[in-house]
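Remarks on the structure that follows.
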């Protein structure tokens, strides 16, 4: 009898942990979708800017290199 109660409590705890993990996965999925949306918007902006400003591609690459070098420091 005592073992059954202990097992039931463990099962309840596991169910709560699974629910928490499911919520976390859902949040991560939403964040991933938001990141994908931002990537698409950035691609659109880069395409627009490269069409309207001739030197954008070269300048953009330089800017990205500078940003990457400051992050590693």
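Here, each number is a calculation from the coordinates, and none is a lab measurement. Small disclaimer: the values here were computed from a predicted structure and weren't measured. Virtual Cβ from ideal backbone geometry, glycine too; neighbours counted across all protein chains shown.
Mean residue ellipticity at 222 nm, helices only, the chain: -34000 deg cm²/dmol; runs of at least 4 DSSP H residues each add -39,500 (n - 2.57), and the sum is divided by the number of residues. One entry in [x] 52, 16, 4; [y] 28, 13, 9; [z] 16, 14, 13 is semi-axes √(5λ) of the Cα gyration tensor in Å calculated from the shown coordinates; its label is [x].
Comparing 16, 39, 57 in a Gaussian network model of the chain where C-alpha atoms under 10 Å apart are linked, the largest mean-square fluctuation is found at 16. Between helix 56-72 and the chain there is an angle of about 50 degrees, using the helix long axis and the longest principal axis of the Cα atoms. Scoring 66-72, 40-46 by mean Cβ neighbours within 10 Å over their residues and listing the highest first yields 40-46, 66-72.
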